[in-house]
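Q: Can you read through this structure? Questions will come right after.
The values are calculated or read from the model by the stated rules, or taken from the named source; none is laboratory data. These figures come from a predicted structure and were not determined experimentally. FYI the Cβ positions are ideal-geometry reconstructions off the backbone, even for glycines, and counts take in every protein chain you see.
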Amino acid sequence: MMPPELNLRVLPRTVQQEAVDKLRLAIFSGVFEPGSRLIESNLCLRLGISRPSLREALRSLAAERLIDIVPNRGPSIPALTWEEVTAIYEARELLEVEAVGRCAERISNEQLDALEKSLSAFEAAALSNDGLARITTAADFYSIILANCGNPILEEIHRGLVARISLFRSRSMSLKGRAMSSLTEMREIYEAIAAHDEKAARKASRKHVLKAMAAAKKSMPPPD
């Protein structure tokens, strides 16, 4: 299956940030294959930016662990092993289960309304088969939960994983039926939070992360 065509050209007024956003979007969309090298001259041409601006953007993406920059080799898309994927999902489970449980005890009615709206936005994305919207709306759902867990350090650590979580999310949700399964699982999380049932919220969150990990692994090539 050919990767989708994506217009990468950016406007000059916000060159660096737009370049970061466009390249991140391209990585999530599968424009660049895992393990492939990124040719700077080609990217400069496609983005319509200078090499110094591109290199600043690449450094930002390297900080998010979406690309690797190896001396004398240049930037490339990492090809993660199953062990690395497992480690990331284990960290996600620890962080999100704790955050969801704490959120269920603390969230205000106003923020609960915001969480419900974000879930509705994800539902619309899932039904419309919009892969990029699925990624952003799912991230929004969790950002509200993390913002209401009462622990800003937990939120900060999770934010460091968001880009890689979104990368795996884009792959797993490409599987038939996964987006609707995710919707069901996220609705269970929301309902437990809305009921302020900390135990049920943790259980629903753990179930969701484990199923997401299984889907992500299914979307990857088998190990050698």
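Q: Would you confirm whether any residue within the stretch 183-190 is crowded, with 22+ Cβ neighbours inside 10 Å, of a type in the set (A, V, I, L, M, F, W, C) and modelled with pLDDT of 95 or more?
A: yes
Q: Test of understanding: among Arg164, Arg134, which residue is at pLDDT below 85, on the phi < 0 side of the Ramachandran plot and basic (Lys, Arg)?
A: Selected residue: Arg164, the only one of Arg164, Arg134 that is at pLDDT below 85, on the phi < 0 side of the Ramachandran plot and basic (Lys, Arg).
Q: Now, a different point. With the requirement that a residue be at pLDDT 90 or above and either among the polar types (S, T, N, Q) or buried (at least 18 other Cβ atoms within 10 Å of the Cβ) (or both), what does the stretch 167-182 give you?
A: Within the stretch 167-182, Arg178, Ala179, Ser181, Ser182 meet the criteria.
Q: Within the stretch 191-214, count every residue that is crowded, with 22+ Cβ neighbours inside 10 Å and out of contact with any Asp or Glu (no Cβ under 6 Å at 6 or more places or on another chain).
A: Residues in the stretch 191-214 being crowded, with 22+ Cβ neighbours inside 10 Å and out of contact with any Asp or Glu (no Cβ under 6 Å at 6 or more places or on another chain): 4 in total.
Q: Go through the residues of the stretch 120-133 one by one and say whether even a single one is out of contact with any Phe, Trp or Tyr (no Cβ under 9 Å at 6 or more places or on another chain), surrounded by fewer than 16 Cβ atoms within 10 Å (Cβ to Cβ) and not in a helix (DSSP H, G or I).
A: Scanning the stretch 120-133 turns up at least one residue that is out of contact with any Phe, Trp or Tyr (no Cβ under 9 Å at 6 or more places or on another chain), surrounded by fewer than 16 Cβ atoms within 10 Å (Cβ to Cβ) and not in a helix (DSSP H, G or I).
Q: Additional query: Name the residues in the stretch 166-220 that are assigned to a helix (DSSP H, G or I), acidic (Asp, Glu) and touching a residue at least 24 places away in the same chain (Cβ under 8 Å), would you?
A: Hits for the stretch 166-220 are Glu185, Glu198.
Q: Give the residue, chosen from Arg65, Arg55, Arg92, Arg102, that is of a type in the set (Lys, Arg), under 18 Å from the mean Cα position of the chain (by Cα) and in a helix (DSSP H, G or I).
A: Within the list Arg65, Arg55, Arg92, Arg102, the selection yields Arg92.
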